Structure formats: C-alpha cells, structure tokens
1. Has the range 388-404 got at least one residue that is modelled with pLDDT of 95 or more, of a type in the set (Val, Ile, Thr), part of a helix (DSSP H, G or I) and under 26 Å from Cys257 (Cα atoms)?
2. List pairs: first in the range 20-46 and part of a loop (DSSP other than H, G, I, E, B), second of a type in the set (D, E, K, R), Cβ under 6 Å, 6+ apart or cross-chain?
3. Pull up the range 79-122, narrow it to residues that are in a loop (DSSP other than H, G, I, E, B), among the small types (Gly, Ala, Ser) and touching a residue at least 60 places away in the same chain (Cβ under 8 Å), then point me to the one that is nearest to Asp223 (Cα to Cα).
4. Tally time: how many residues in the range 68-83 are within 19 Å of Ala342 (Cβ to Cβ) and either surrounded by 21 or more Cβ atoms within 10 Å (Cβ to Cβ) or not aliphatic (A, V, I, L, M) (or both)?
5. Of (1) under 24 Å from His242 (Cα atoms); (2) surrounded by fewer than 19 Cβ atoms within 10 Å (Cβ to Cβ); (3) in contact (Cβ under 8 Å) with a residue 12 or more places away in the chain, Lys125 satisfies all except one. Which?
6. Filter the range 160-206 down to residues that are in a loop (DSSP other than H, G, I, E, B) and hydroxyl-bearing (Ser, Thr, Tyr) and give me whichever is nearest to ligand 2 (Cβ to nearest atom).
7. Kindly provide the set of residues from the range 212-261 that are assigned to a loop (DSSP other than H, G, I, E, B), within 16 Å of ligand 1 (Cβ to nearest atom) and either out of contact with any Pro (no Cβ under 9 Å at 6 or more places or on another chain) or aliphatic (A, V, I, L, M) (or both), ordered by number.
Amino acid sequence: MKKNGKFYQLASELYAARGVDTEKALATLQAIEIGIHAWQGDDVTGFEQSGNALTGGCQVTGNYPGCARTAAELMADLDYTLALLPGRHRVGLQGHEVDKMFPGVDRDAFTIENFSGWLGWAKSKKIGLDIAPAFYGHPKLDNNLSLAHPDRGIREFWINHGLRCREIGAAFGKALGTPSVVNFWAPDGFKDTPADRMAARKRLMASLDACFEPRFSEKYERDAVEAKLFGIGVESCTVGSHEFYLLYAATRGKMCCFDTGHFHPTEVVSDKLSAYFCMLDEVLLHVSRGVRWDSDHVTTLNDELLALARESLAASKGTKIHYMLDYFDASINRLAAWVIGARDFRKALLIALLEPKESAEAEKKLDYTARLAAQEAARTLPWGAVWQEFLDRSGVPDDFQVLQVLRDYEKRVLSRRN
Ligand code: RNT
Ligand code: ZN
C-alpha cells in the first residue's frame with residue numbers, strides 16, 4: 001500500500017459518514033476530459049515562420065527559456081506534460097500552429113495537410129483535437145479589426161481562415177472519432193470611442209454567418225463563439241461582446257465559449273452556467289484566471305475555480321460541457337504552467353464531486369443557517385487524501401515531486417533551445 005493508502009481509507013470513511021462515495025467520485029473524475037491548450041507551449045506565436053508574431057490581438061509577457069520553436073517541439077512538450085497529468089485529456093490548437101507550411105499558402109488556404117503531423121500524433125495517443133482560428137498575430141489584422149474590418153478583402157481573408165479551420169476540425173473529428181470543437185474568438189475592437197459600433201457588429205455578424213454556412217456533421221465538428229469584455233488596445237469597445245455572442249449562439253444554434261478571464265472582475269462565469277443551460281445545452285469553458293487587465297494567468301485553486309467546477313458539474317446533467325484550459329504565461333516554465341493549472345482544475349472538479357448533500361438539503365428546507373454551516377464545514381473535509389489516491393492510482397508523481405520531474409526536462413531539453 002502506498003504511503004497515502006491509510007489516509008485515503010480514513011478519508012473515505014469520513015466522506016461516507018457525510019453520504020459521499022469517494023470511489024464513485026474518483027471514477028467520475030477519471031472520465032472527465034480536460035482540454036490542454038497547446039498555445040501555452042509556443043507563446044501563441046504559431047509555426048508559420050513568417051515573422052507574423054506580435055502584430056497584435058493576442059500576446060504573452062515573459063521570456064522564460066524553452067518556448068517551443070516548432071510543432072515537433074510542441075508535441076514533445078505536450079507528450080511530457082500529458083504523462084504527468086492524471087485523467088483523460090484532449091488537445092486544443094490554434095489555427096496557426098501548423099506542423100507544415102507550403103510556399104504561398106497563407107491562413108486562408110490551410111488544409112488538413114498543414115496539420116497532418118498533429119493528426120498523426122493525436123491518433124497515436126488516441127486523443128481528440130480541437131482547433132480555433134487565429135484571427136490575430138498577422139498583418140491582415142489591421143487596426144485591431146479582422147472579421148469586422150470595413151474592407152471586404154480583409155474580411156474575406158479572415159472568413160476563409162474561419163472556413164478552413166472548420167474543415168480542418170471536421171477532418172480531425174472524422175479521423176479521431178471525437179468531434180472537434182472549433183472556437184471563434186476575434187480580437188476586433190476599438191481603443192477609443194467608436195462612432196458606429198453597430199456597423200462593426202453587423203459586419204462581424206455577416207462574417208460569422210459566412211464562416212458557418214457550410215454544415216458539418218455534429219459527429220465531427222462543433223462550433224463555439226467566444227466573447228470578451230476588453231483587451232490591450234481594445235479598451236473602449238469589443239465588437240464581439242457577451243451580449244453579441246450570447247444572442248448569436250442562441251439564434252444560430254452554436255455554443256458559447258465562456259472564458260473565465262473575459263468578464264468584469266466582479267462578474268463570474270460560475271453563475272452564468274445554470275442560466276445558460278436553462279435554454280441552451282452545450283458550452284465550451286475556457287478555464288483561465290483574470291488578474292486586473294490580463295485575462296490569461298495560470299489557473300490556481302481559488303474560490304472562483306472551485307465555484308466553476310461545482311456549477312459546471314451541477315449543470316452538466318443532460319448537457320455537454322467542453323473544458324479547455326486557456327492561459328499563457330511566458331515568465332515561468334511552460335510545462336509547469338500546464339501541469340499546475342490542469343491539476344488545479346481537476347482538483348476543483350474532485351472537490352465538487354465530493355460535496356456532501358447537506359447544504360442542498362438545508363436549502364430545500366429554506367434553512368439558510370444550516371446551509372452556510374454545511375458549506376463552511378465541508379471545506380475542511382480531507383479531499384487532499386482522495387486527490388493523492390487519484391495521483392497514486394494514475395501512476396503520476398505527486399504535487400510536490402512533479403516539479404523535480406519538470407526541472408529535469410528543463411535541464412535536458414528546454415534550456416538547450418533558443
Ligand atoms: C483571448 C481568447 C482566446 C485566446 C486563444 C489563444 O483572449 O481567450 O481564446 O486565448 O484564442
Ligand atoms: Zn479564451
């Protein structure tokens with residue numbers, strides 16, 4: 001028996017006394033698929049090798065050594081990372097994280113051939129792939145406008161990129177046997193007060209409609225649309241706002257992508273899910289952590305992550321929630337960023353799965369005193385022993401040892417890059 005075994009035994013007895021079956025929670029936790037966002041590994045620069053990086057729209061800060069310079073390096077980093085993560089996973093790509101380029105072929109003409117290395121990689125690992133058009137980091141993002149640009153030629157370039165990504169997603173879904181979620185987020189917006197917000201929004205709407213015109217089987221491909229409150233250089237108006245995309249999704253039969261870093265700092269996605277699921281039945285969650293003006297810090301086990309996990313499980317009966325991490329920090333070891341954030345989100349899910357029923361029962365009786373008491377008492381239940389059991393059964397290092405394993409890769413591989 002591993003050292004933690006006896007703690008787990010005692011923990012499961014304590015949970016059983018509160019009506020919670022830890023074995024059931026572990027089985028459910030094992031089955032939940034978390035999407036790992038490839039773009040943490042390459043600082044969202046992609047691999048077009050065309051000097052497109054940092055033209056705006058989406059950017060990281062920090063220059064920690066070891067950024068993946070090629071898709072092959074990114075795959076190797078993901079291999080190493082996935083081996084350190086317990087539970088099931090898939091991987092999300094950005095539309096410029098190609099593994100092959102062909103002369104004269106830009107984003108508006110990418111095909112599955114540009115991603116065939118990824119497809120082979122995912123097949124060999126038996127995992128699914130998602131993709132998101134990259135409407136940023138390219139000279140055709142002009143004045144912070146892509147799909148909503150007033151110039152028709154520019155809009156068409158980006159519409160074609162959206163169309164190509166959907167085709168690539170459908171090819172992923174077909175080959176891998178799990179639908180590819182294709183997520184549309186565009187940085188379009190204005191630094192200062194626009195004179196005509198509606199015209200820009202109507203252009204975005206028409207461009208999206210053009211992107212979504214072809215129909216793909218839901219078995220292969222599903223579309224999501226992601227709103228944002230503001231971004232750097234886009235402080236006064238984001239064309240694709242929350243209201244825009246919520247209504248767009250509802251009227252077009254698409255799913256919303258809720259990014260936890262994309263709302264007002266006091267507004268929480270955990271509260272939105274149950275409202276959304278009263279009327280729509282599929283959502284993509286971008287799990288992130290907003291800090292002041294940045295939407296993309298590594299997730300930590302804070303109150304909102306706990307609430308998000310809890311609410312998503314509560315809302316997930318008869319609905320479909322796709323979880324994708326979405327943060328990028330270039331100031332720390334990038335594999336550690338994946339491992340810490342992914343483990344934290346899974347811990348949050350575990351804590352939610354281990355929630356005793358007492359608070360819900362108290363609420364049914366309108367006994368809010370008992371509800372609060374139960375909620376607060378549950379915080380000290382020994383979920384850590386159950387988490388450790390999960391790690392042991394998965395055969396991965398514990399949260400203390402894992403850094404050493406990451407440091408080893410840093411020394412052998414990451415420090416030799418640049
Ligand atoms: C940006 C959005 C978007 C991106 C990725 C890279 O604020 O959250 O999802 O993070 O497309
Ligand atoms: Zn996002």
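1. Within the range 388-404, the first condition is being modelled with pLDDT of 95 or more, and the residues that meet it are 388-404.
Next, only the ones that are of a type in the set (Val, Ile, Thr) stay: 396, 402.
Right, trim to part of a helix (DSSP H, G or I) and you get 402.
Restricting the remaining residues to those that are under 26 Å from Cys257 (Cα atoms) gives none.
For the range 388-404, residues modelled with pLDDT of 95 or more, of a type in the set (Val, Ile, Thr), part of a helix (DSSP H, G or I) and under 26 Å from Cys257 (Cα atoms): absent.
2. So the pair list comes out as Gly41/Asp77; Gly41/Arg334; Gly46/Glu97.
3. Pass one, the range 79-122, residues in a loop (DSSP other than H, G, I, E, B): 83-87, 95-106, 110-111.
Okay, now just the ones that are also among the small types (Gly, Ala, Ser), so 83, 87, 95, 104.
The next check asks that each one be touching a residue at least 60 places away in the same chain (Cβ under 8 Å); those that pass are 83, 87, 95.
Numbers: Ala83: 29, Gly87: 25, Gly95: 14 Å.
Going through the qualifying residues, I end up with Gly95.
4. The first filter runs over the range 68-83 and keeps only residues within 19 Å of Ala342 (Cβ to Cβ), leaving 68, 74-83.
Right, trim to either surrounded by 21 or more Cβ atoms within 10 Å (Cβ to Cβ) or not aliphatic (A, V, I, L, M) (or both) and you get 68, 74-75, 77-81.
Selection size over the range 68-83: 8.
5. Among (1) under 24 Å from His242 (Cα atoms); (2) surrounded by fewer than 19 Cβ atoms within 10 Å (Cβ to Cβ); (3) in contact (Cβ under 8 Å) with a residue 12 or more places away in the chain, the lone unmet condition for Lys125 is (1).
6. As a first pass, look at the range 160-206 and keep what is in a loop (DSSP other than H, G, I, E, B): 177-179, 185-188, 191-196.
Among the residues that remain, those that are also hydroxyl-bearing (Ser, Thr, Tyr) are: 178, 193.
Values: Thr178: 21, Thr193: 25 Å.
Among those that are in a loop (DSSP other than H, G, I, E, B) and hydroxyl-bearing (Ser, Thr, Tyr), it is Thr178.
7. Step one: list which residues in the range 212-261 are assigned to a loop (DSSP other than H, G, I, E, B), which gives 212-220, 227-230, 232-233, 235-236, 239-241, 253-254, 260-261.
The next check asks that each one be within 16 Å of ligand 1 (Cβ to nearest atom); those that pass are 227-230, 232-233, 235, 239-241, 254, 260-261.
Hits for the range 212-261 are Ala227, Leu229, Phe230, Ile232, Glu235, Val239, Ser241, Lys254, Thr260, Gly261.
Okay, residues lined up against (1) at negative phi; (2) among the basic types (Lys, Arg); (3) free of Cβ contacts under 8 Å to residues at least 40 places away in the same chain; (4) crowded, with 24+ Cβ neighbours inside 10 Å:
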| residue | (1), (2), (3), (4) |
| --- | --- |
| Gly153 | yes, no, yes, no |
| Leu176 | yes, no, no, no |
| Val181 | yes, no, no, yes |
| Phe184 | yes, no, no, yes |
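The values are calculated or read from the model by the stated rules, or taken from the named source; none is laboratory data. Since the model is a prediction, treat every value here as computed from it, not as a measurement. Positions of Cβ are backbone-derived with ideal geometry, glycine not excepted, and every protein chain shown enters the neighbour counts.
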